[in-house]
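The values are calculated or read from the model by the stated rules, or taken from the named source; none is laboratory data. What you see is a predicted model, and the numbers here were worked out from it, not measured in a lab. No Cβ is skipped: glycine too gets one built from the backbone with ideal geometry, and neighbour counts run over all protein chains shown. All accessible areas refer to the heavy atoms of the entire protein, side chains included, with ligands and DNA or RNA removed. Shrake-Rupley method; radii C 1.70, N 1.55, O 1.52, S 1.80 Å.
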Amino acid sequence: MLDLLLGNSGLAALIAFALVLIPAVIVHELGHFFAGKSVGITILEFGIGFPPRIGRLFVWRGTEFTINWLPLGGFVRPMGEDMVRQKGEEEENLDRLEAEERGIENIKSVGEASPLGRIWFLSAGAIFNLISAFLLFIAVGMLGIPGVSIDVADVMVDSELYDAGVRPRDVMESLNGDFFLSESEFLAAFNSLPADQEAELVIRRGEAGEVVPITFTPESSGDASVGDISTLVRIVGVVDEVPTPASEAGILPGDLFLTLNGTDVNTVPELIALVDENKGQEVDIEILREGEVIATSLVPRENPPEGQGSMGVQINTAIEDTTSGLIFQGIDDQVVVQLGFVEAVNYSTFRFVDLFTQIGRLPGQIFRGNITANEARPISIVGISQIGGRFLTESIEQNRPVVILNYIAVISIALGLTNLLPIPALDGGRILFVLIEMVRGRPIPPEREGIVHLLGLIFLLSVTVVVIINDIVNPITDLIP
């Protein structure tokens, strides 16, 4: 079975769908369920899957728990509301009769709850998704997360580390026995070393990965908050199967871009923009290689082969820190760091802040053209399952459940935030109508609100169909390296 899964991306995607999306949707609906109960809303049914119904599992406090044939998550059926609108008086009376037959006391429909109660009921699904993601990130931290090694691009000749024996292309694995979760954690650890106290670095050197311990004694006590930090663009790889502008110009992996036509280059978007402006024209380039500035020139191609780029290089961001005297890049490594509970909570908080920061920057990046249309494309449940299948396979191959758990947490956040968007038919759209009601002092007539939500549902379903077709015709996994 395991061999079949690893060799079948379709089966892996199907299992990932069951592991990633179905639990996330059920958690979302549990949020609505418990929030509705907390404000007195009568919940007639909690369904696992979607109708047609297979059967009833049990009844708890007047709520019927059912299992259904379509395994697409779950749903909550509160009294007086359906997927599109608040029900009319006649339909609500039928719900009330059903509740009375079950012996439910203090029957209350969604519309009878206070505006704040309804906002809590509508937003709780997303809140539960965010809480579950936070807990998953804690679990990921405690099970063990991959650390980074510090790939040294260059080291200043007058720095303590150079004197201790650190050289370009060395890979730092640990400092005083501690591994690093990120580049910033390495900087904080290095800049906080006490003065006149011996410290030990473990590095790997050369193609054979020879392990070399290096000891040094900082001359002065550092401060984790101090340091002049900037960025540079580093050449990660050069296409050399065929002649390319970069290979013919003598550019090598590990080189650092300094200038292009006299303009300083500090970030990947800056370099891409300058190259795009000069396609088909010779440009002068300065690169830094092991402390030496080298001048060269090349002509960026206007129509390069797919996947090679105009120059024929792979690039990434390197960090320059004057305190340590290093120019370096964090690289993923095989080191796994298991965190204690408090550290795992801090890690989860960091992941939340980082993800929300990335989401906040996304519109600006799209507007400025810093990310491609393919990178910004929306994906459907098919695309989510395709990516999930890849992560599931990786998780099994590496025997590291944190890979798929991390993905489940990310999708839970995406599901929660998407549902809070102020789009009709989504929870956020319904919350918007409650807010309008609070401003007006009276609700929008249910018939009018229902029309708006129905149009929103039609729009969402139409977009979903288009995106699903695109994910089938152009699998998102084909775009991921």
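I'm trying to understand the selection: among the residues of the range 231-250, which are hydrophobic (A, V, I, L, M, F, W, C) and out of contact with any Leu (no Cβ under 8 Å at 6 or more places or on another chain)? Residues satisfying the conditions are 236, 239, 242. Being exposed (fewer than 13 other Cβ atoms within 10 Å of the Cβ), of a type outside the set (Lys, Arg), at pLDDT 85 or above and not in a loop (DSSP other than H, G, I, E, B) is the requirement here; does residue 345 meet it? Here the answer is no, as residue 345 does not meet what is asked.
Rundown of residues vs (1) small (Gly, Ala, Ser); (2) over 24 Å from the mean Cα position of the chain (by Cα); (3) at pLDDT 85 or above, yes/no style:
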| residue | (1), (2), (3) |
| --- | --- |
| 104 | no, yes, yes |
| 129 | no, no, yes |
| 154 | no, yes, yes |
| 178 | no, yes, no |
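Against the definition (at pLDDT 95 or above, at negative phi and under 34 Å from the mean Cα position of the chain (by Cα)), how does residue 31 come out, yes or no? The answer is yes for residue 31.
Count of the range 253-271 residues, restricted to those that are out of contact with any Ser or Thr (no Cβ under 9 Å at 6 or more places or on another chain), without any contact (Cβ under 8 Å) to a residue 40 or more places away in the chain and not in a loop (DSSP other than H, G, I, E, B), is 5. Just wondering, is there one or more residues in the range 130-147 that are out of contact with any Gly (no Cβ under 6 Å at 6 or more places or on another chain), open to solvent by less than 60 Å² (accessible area, probe 1.4 Å), on the phi > 0 side of the Ramachandran plot and not acidic (Asp, Glu)? So far as the range 130-147 goes, yes, one or more of its residues are out of contact with any Gly (no Cβ under 6 Å at 6 or more places or on another chain), open to solvent by less than 60 Å² (accessible area, probe 1.4 Å), on the phi > 0 side of the Ramachandran plot and not acidic (Asp, Glu).
Would you call residue 44 under 18 Å from residue 427 (Cα atoms), in contact (Cβ under 8 Å) with a residue 12 or more places away in the chain and either open to solvent by 50 Å² or more (accessible area, probe 1.4 Å) or out of contact with any His (no Cβ under 9 Å at 6 or more places or on another chain) (or both)? When the stated conditions are applied, residue 44 does not pass them. Has the range 202-219 got any residue that is of a type outside the set (Lys, Arg), open to solvent by 10 Å² or more (accessible area, probe 1.4 Å), in contact with a Pro (Cβ under 8 Å, 6 or more places away or on another chain) and part of a strand (DSSP E or B)? Yes, the range 202-219 contains at least one residue that is of a type outside the set (Lys, Arg), open to solvent by 10 Å² or more (accessible area, probe 1.4 Å), in contact with a Pro (Cβ under 8 Å, 6 or more places away or on another chain) and part of a strand (DSSP E or B).
State all residues of the range 65-86 that are in contact (Cβ under 8 Å) with a residue 24 or more places away in the chain, assigned to a strand (DSSP E or B) and not small (Gly, Ala, Ser); if no residue qualifies, say none. Scanning the range 65-86 gives 71, 72, 75, 76, 77, 78, 81, 86. For beta carbons closer than 6 Å, sequence separation of 6+ or different chains, a first residue in the range 399-423 that is touching a residue at least 12 places away in the same chain (Cβ under 8 Å) and part of a helix (DSSP H, G or I) and a second that is open to solvent by 50 Å² or more (accessible area, probe 1.4 Å) and of a type outside the set (D, E, K, R), the qualifying pairs are 402/143; 403/391; 404/391; 407/391. Can you tell me which of (1) of a type outside the set (D, E, K, R); (2) open to solvent by less than 60 Å² (accessible area, probe 1.4 Å); (3) not in a strand (DSSP E or B) is the one residue 184 doesn't meet? Unmet condition: (2). In the range 152-181, of all residues being assigned to a loop (DSSP other than H, G, I, E, B) and farther than 25 Å from residue 337 by Cα, the one that is most open to solvent (accessible area, probe 1.4 Å) corresponds to 158. Considering the range 425-453, the residues that are under 31 Å from the mean Cα position of the chain (by Cα) and at pLDDT below 90 include one that is surrounded by the fewest Cβ atoms within 10 Å (Cβ to Cβ), namely 425.
Scanning the range 420-435 for residues that are within 22 Å of residue 336 (Cβ to Cβ) and among the aromatic types (Phe, Trp, Tyr) turns up nothing.
Screening the candidates 276, 284, 240 for the property of being open to solvent by 80 Å² or more (accessible area, probe 1.4 Å), touching a strand residue (DSSP E or B) at 6+ places or on another chain (Cβ under 6 Å) and either outside any loop (DSSP other than H, G, I, E, B) or modelled with pLDDT under 85 (or both) yields one hit, 284. The set of residues in the range 87-137 being of a type in the set (S, T, N, Q), in a helix (DSSP H, G or I) and under 26 Å from residue 417 (Cα atoms) consists of 123, 129, 132. Across the range 138-151, the qualifying residues are those that are of a type outside the set (S, T, N, Q) and part of a strand (DSSP E or B), and the one among them that is farthest from residue 347 (Cα to Cα) is 151.
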